[in-house]
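> I am attaching a structure below and will ask some questions about it afterwards.
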Amino acid sequence: MENAATRVDIGFQGGQVLALRITGDEYKSLRKALDDDRSSRWHEVKTQDSEVSIDLSQVLYIRLDTEDHKVGF
């Protein structure tokens, strides 16, 4: 995933899904924060055009888009 922006869907309790385009470094930072039991409740994620504060206690899943996108049929 390097540092090119890739789509990541973050699913929350209650059914909401947040779709973001983030770099590989941001994805790794988010995964590390979710894996760390002593992490603070809130985590800042820098996207291509904004910063998003995520309540880690509400995250149920993260889906990383790994498919190559193609134009045409």
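> Output the residue which, of all residues in segment 1-26 that are polar (S, T, N, Q), under 20 Å from Glu67 (Cβ atoms) and open to solvent by 40 Å² or more (accessible area, probe 1.4 Å), is nearest to the chain's Cα centre (by Cα). It would help to see each step written out before you state the result.
Keep residues of segment 1-26 that are polar (S, T, N, Q), which gives 3, 6, 13, 16, 23.
If we keep only those that are under 20 Å from Glu67 (Cβ atoms) as well, we get 3, 6, 23.
Now restrict to residues that are open to solvent by 40 Å² or more (accessible area, probe 1.4 Å): 3, 23.
Numbers: Asn3: 14, Thr23: 9 Å.
Filtering first and then ranking leaves Thr23.
> Working only within segment 27-39, note down all residues that are over 10 Å from the mean Cα position of the chain (by Cα) and either assigned to a helix (DSSP H, G or I) or touching a residue at least 12 places away in the same chain (Cβ under 8 Å) (or both). Please lay out each step first, then the result.
Residues of segment 27-39 over 10 Å from the mean Cα position of the chain (by Cα): 32-39.
Residues satisfying the conditions are Lys32, Ala33, Leu34, Asp35, Ser39.
> Right, another one. Please count how many residues of segment 1-26 are charged (D, E, K, R) and touching a residue at least 24 places away in the same chain (Cβ under 8 Å).
The first filter runs over segment 1-26 and keeps only residues charged (D, E, K, R), leaving 2, 7, 9, 21, 25-26.
From what's left, touching a residue at least 24 places away in the same chain (Cβ under 8 Å): 7, 9, 21.
Of the residues in that region, 3 qualify.
> Just give me the residues in segment 37-59 being open to solvent by 70 Å² or more (accessible area, probe 1.4 Å) and closer than 14 Å to Val8 by Cβ, in sequence order. Break it down stepwise before answering.
So in segment 37-59, the residues open to solvent by 70 Å² or more (accessible area, probe 1.4 Å) come out as 37-38, 40-42, 44, 46, 48-49, 51.
Listed by number, the residues that qualify are Lys46, Gln48.
The values are calculated or read from the model by the stated rules, or taken from the named source; none is laboratory data. Just so we're clear, the structure is a prediction, and the values are computed from it rather than from any experiment. Glycine also receives a Cβ, built like all others from the backbone with ideal geometry; neighbour counts cover every protein chain displayed. Surface accessibility is based on the protein's heavy atoms, side chains included, excluding ligands, DNA and RNA. Shrake-Rupley method; radii C 1.70, N 1.55, O 1.52, S 1.80 Å.
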